[in-house]
Amino acid sequence: MIFKNITQRSWWERDLLARPADLLIIGSGITGLATALFYKRQHPEHRVMVLDRGFWPTGATGRNAGFACFGSAGELLDDLQQEAEAGVKDRLRLRLEGLALLKEELGSEEIGFEMTGGYEIFDDTNDPHFRESLAQLPRFSRWVEELTGEADTYEFREINGFPSIFNRLEGYLHSGKMLEVLVRKVQQAGVEIRWNTPVAEVHQHGAVLQDGLALEAAAVLCATNGYTSTLLGETQVKPARGYVFVTNPLQKLPWHGSCHYNRGYVYFRDLGDRLLIGGARDVDKAGEESILNEINPKIKNWLVSFVNDKLGIDPDWQIDQEWTGVMGFGATKTPECRRHENGVYTAAGLGGMGVAIGMKLGQRTASLITNHPTPHF
C-alpha cells in the first residue's frame, strides 16, 4: 500500500505542524542548508523549513567526488578565454572564502578534510595549453596571495612521468561526513527538515507538494541547483550530470591527492587503497544536460580507457561502485543568486564547485532574503 500525505488537517496539525513558515527552502544540499543556518541566526524567532524530495539529498552535494579545490591553472586559463579577468577573479575569491567558511563552520577534522595538494596533469610539455598555463603561474599565484596571503600557490612538478602544475592549497574531504555535520548543525539551530517531500510547484507565498498538499511561507527559496528549471522557468541554470566510479582495492596506486586533467573536466584521487575518478562531461555535453540518474556509456568507456592508458594502476582493476550526480551550470560558472519577479528566490548554478562555494553562497542568500523583508508569519 502506498501512503501519501493527508490533505485534511487535524486540529493539532493545523495549530502546530502545518502553520506557515517564514522561510521555506526547497533543496537540502549544501546551499539550501547553509542558507537556512545563516538566516536562522539572523532571525532566531522565524520558522525556517527545508524540504527535500529524498531520504537524503539526491543532488550534487552528497554525490560528488569530495574535492576541496578552487581552480587549477588550466581551468582558470580556460575561464579567462570565456570572460573578463574581474569575473574569474571574483569567482576565485568566492571559492577561497567558501572553503575557509566551510572549515570554520563544520570543522576540518569533522568533515575529513586533508590538505593533500592538487596536481593538474598534462600529456607532455609540448601541449600548448600546458605552456600557456605555465606562463600564467605567477599571475594566478599573485591572485591567491592577494586573496589569502599565501604565496607561491602554483608550481611546476612532475608526477608519475607526467608534467604537472601543483597547487599546494587544494585537498579533499568526505562529502557524506560534511553533509551529516551540516544537517546536525542546522537542526540544532532550530531549522526543520522534511525528507521524502517532493515539490510540484513553487510560488511567492509557498509551495505545493506532489501529492497536492499546500504549504504557506512568507519567502520561498529554490536551492535546487541543476533541478531548478523543473520548478522555475525563469532561470539560466541548466543541469549537468556528472559520472563517478570507485575501483576495488588496489595493490598499485601511484596517485595521492586531488588530481585534474583536461582543464578540470577529469578529476581523480585516492580513496584509501582505491581510485576514485569522475568527469569527462565534455565527451558528451549535450547528453549530460539531464536530471536523470543514468550512466552515459560514452563517458564511462572514455574514463575506463583513460585509467587503462594513463594512470598505471593494477591491470586487472574493476569498478566496485558507480553513480551520477546532477550539477547546475549557468551562463558562466558564477552562481545565480537573486529574487525573481514572482517573489521566489534562487541560489543555484554552482558550476561544479558546490563544496567550495556552497557555504558562502548560502550566507549571501540569507542576507539577500533578509534585505528584502517579507511579512512575518
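The values are calculated or read from the model by the stated rules, or taken from the named source; none is laboratory data. Here the structure is a predicted model, which is why all the values come from computation and not from measurement. Cβ placement follows ideal geometry from the backbone for every residue including glycine, while neighbour counts extend to all protein chains displayed. Areas reflect the complete protein model, heavy atoms only, side chains present, ligands, DNA and RNA absent. Shrake-Rupley method; radii C 1.70, N 1.55, O 1.52, S 1.80 Å.
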Loop-resident sites, segment 314-367, for GluC sites (Glu not before Pro), counting at most 13 other Cβ within 10 Å (DSSP)
E341
On C-alpha positions alone, give me the angle between the axis of helix 85-106 and the longest principal axis of the chain, in degrees, nearest 10.
70 degrees
Among N126, F113, A86, pick out the residue whose Cα is farthest towards the positive end of the charge dipole of segment 86-126, where Lys and Arg carry +1 and Asp and Glu carry -1 on C-beta, about the Cα centre.
A86
Run the quick spin-label model on Q210 and E155: label points 7 Å from Cα toward the beta carbon, then report their separation in nm to one decimal.
5.2 nm
If each Cα of segment 214-312 is one equal point scatterer, what is log10 of I(q)/I(0) from the Debye formula at q = 0.13 Å⁻¹?
-0.58
In segment 105-193, what GluC sites (Glu not before Pro) fall in a loop by DSSP, with at most 10 other Cβ atoms inside 10 Å?
E109
What does the extension gain come out to for E45 and M115, with contour length at 0.36 nm per residue minus their alpha carbon separation?
21.3 nm
Debye calc, one equal point scatterer per Cα of segment 300-377, no solvent, log10 I(q)/I(0) at q = 0.19, 0.23, 0.25 1/Å comes to -0.89, -1.07, -1.15
What percentage of the solvent-accessible surface of segment 107-162, computed with a 1.4 Å probe over protein heavy atoms, is contributed by carbon and sulfur atoms?
42 percent
Give the calculated FRET efficiency between E145 and T125 to the nearest 0.05, with a Förster radius of 35 Å applied to their Cβ-Cβ distance.
0.85
Have a look at Q8, V199, P249 and report the one farthest towards the positive end of the charge dipole of the chain, computed about the Cα centre with Cβ charges (Lys/Arg +1, Asp/Glu -1).
Q8
Return the equivalent ellipsoid semi-axes of segment 112-219 as a descending list in whole Å, where each equals the square root of 5 times an eigenvalue of the C-alpha gyration tensor.
46, 18, 16
Quotient of C-alpha Rg and 2.2 N^0.38 Å, computed over segment 79-160:
1.27
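Using the crude model of +1 on Lys and Arg Cβ and -1 on Asp and Glu Cβ, and no other charge, please compute the dipole size for the chain relative to its Cα centre, in debye to 20.
That gives a dipole near 1000 debye.
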Quick one: divide the alpha-carbon radius of gyration of segment 33-90 by 2.2 N^0.38 Å and tell me what you get.
1.70
Å³ per residue of the Cα convex hull, for segment 17-160?
174 Å³
Are any of the pairs K252/K360; K252/K333; K103/K300; K177/K298; K252/K298; K103/K310 more than 29 Å apart by Cα-Cα distance, and if so, which?
K252/K360; K252/K333; K103/K300; K177/K298; K103/K310
Calculate the translational D of the chain in whole µm² s⁻¹ from Stokes-Einstein, where the hydrodynamic radius comes from the Kirkwood formula applied to all Cα pairs, the temperature is 37 °C and the viscosity 0.692 mPa s.
152 µm²/s
Cβ charges +1 (Lys, Arg) and -1 (Asp, Glu), total dipole of segment 175-272, debye
620 debye
Segment K285-K298, extension gain: residue separation times 0.36 nm, minus the distance between their alpha carbons
3.6 nm
Please grab the % of Cα pairs in segment 157-278 that end up more than 16 Å from each other.
76 percent
Per residue accessible area of the chain, 1.4 Å probe, in Å²:
45 Å²
Counting only protein heavy atoms and a 1.4 Å probe, tell me what percentage of segment 19-98's accessible area is made up of carbon and sulfur.
53 percent
Projected onto the charge dipole of the chain (unit charges on the beta-carbon of Lys, Arg, Asp and Glu, signs +1, +1, -1, -1), the Cα from A21, L33, I369 with the largest positive-side position is that of A21
Please list, ordered by chain and number, the residues whose modelled amide H lies under 5 Å from the amide H of I25; skip anything fewer than 5 residues away on the same chain.
M49, V50, L51, L221
Carbon and sulfur together cover what percent of the accessible area of segment 188-228 at a 1.4 Å probe radius?
45 percent
